[in-house]
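Enquirer: For reference, the structure I am asking about is given below.
Read the figures in this text as sums done on the coordinates, not as results from a lab. The model shown is predicted, which means the values in this text are computed figures rather than measured ones. When we count neighbours, we look across all protein chains shown, and the Cβ atoms used for this are built from the backbone with ideal geometry, even at glycine.
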Amino acid sequence: MVVGIARMEFYLPGNGSLKGKRQRVKSLIHRLEARFKKLSVAEVDDQDLWQRAVIGASTVASDQRIADRYLSQVLSFVEELDGLELLSAEIEFLTF
């Protein structure tokens, strides 16, 4: 069993408040969960910064190649979204 974990840091251009950030982050999380059914997603850091968001996403697979392919698709998806700038992304794997 392999757990794949992606940590994505975003810049939210044009955002001026924490309320606006919450709306945009909530929308992003819902879009990811709707598109990728085997993905768990949450905001994991920088909750008090209104122009930055850190999103964590994880999936479980039987093989690391499968988890890597799935998380790579997630990263490709978020890179194409309007209104968000992906600053950095890291993928890690835990094997059991």
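Enquirer: Using the C-alpha atoms of the chain, what convex hull volume per residue, in cubic angstrom, is computed?
Expert: 78
Enquirer: Along the charge dipole of segment 2-95, Cβ charges K/R +1 and D/E -1, which of 86, 71, 34 sits furthest on the positive end?
Expert: 34
Enquirer: Using only the alpha-carbon atoms, how far is helix 64-79 inclined from the longest principal axis of the chain? Give it as 0 to 90 degrees, nearest 10.
Expert: Roughly 20 degrees, rounded to the nearest 10.
Enquirer: Here is a further query. Return the long-range amide H neighbours of residue 52 (sequence gap of 5 or more, or a different chain), with a cut-off of under 5 Å between placed amide H atoms.
Expert: HN-HN under 5 Å from residue 52: 12.
Enquirer: Take the alpha carbon atoms of segment 30-71, find their center, do the same for segment 82-96, and report the distance between the two centers in whole angstrom.
Expert: Here the two parts' Cα centres lie 7 Å apart.
Enquirer: Mind pulling the angle between the C-alpha long axis of helix 18-35 and the longest principal axis of the chain? Nearest 10 degrees, somewhere in 0 to 90.
Expert: 30
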